[in-house]
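Worksheet: one structure, shown below.
The values are calculated or read from the model by the stated rules, or taken from the named source; none is laboratory data. Note that the coordinates shown come from a computational prediction; the quantities given were computed from them, not determined experimentally. Positions of Cβ are generated from backbone atoms using ideal geometry, with glycine treated the same way; all protein chains shown enter the neighbour counts. Each accessible area value is taken on the protein alone, full model and side chains, heavy atoms only, with ligands, DNA and RNA left out. Shrake-Rupley method; radii C 1.70, N 1.55, O 1.52, S 1.80 Å.
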Amino acid sequence: MICMRTTLIVDDELIEKARKLTGVQEKTSLVRAGLEALIAREAAKRLAELGGTEPGLRPARRRRTRARR
């Protein structure tokens, strides 16, 4: 993993609100969690936009539980 140092200017109220909501106290961890959440949200949006764009695609196989006798 490559890490880089950077300087960020972030509103103190925003940091405090995020700390209270998440319980994460370290600023670095808080920013990382925020970026990961943003990436997940945007990836989900892209995936939703793709919905139904492959009309010839066969449905994926799903595991089925066997009925117990």
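Below are the figures for this structure:
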read-out: Breaking point among (1) over 21 Å from the mean Cα position of the chain (by Cα); (2) part of a loop (DSSP other than H, G, I, E, B); (3) at pLDDT 95 or above, for Arg64; value: (3)
read-out: Members of the range 1-17 that are exposed (fewer than 10 other Cβ atoms within 10 Å of the Cβ) and either in contact with a strand residue (DSSP E or B) (Cβ under 6 Å, 6 or more places away or on another chain) or not in a loop (DSSP other than H, G, I, E, B) (or both); value: Asp12, Glu13
read-out: Test: residue in the range 29-42 that is of a type in the set (Asp, Glu), at pLDDT 85 or above and either under 16 Å from the mean Cα position of the chain (by Cα) or open to solvent by less than 90 Å² (accessible area, probe 1.4 Å) (or both); value: yes
read-out: Matching residues, the range 18-28, being assigned to a helix (DSSP H, G or I) and open to solvent by less than 50 Å² (accessible area, probe 1.4 Å); value: Ala18, Arg19
read-out: Scan of the range 31-61 for residues that are β-branched (Val, Ile, Thr) and assigned to a loop (DSSP other than H, G, I, E, B), ordered by number; value: Thr53
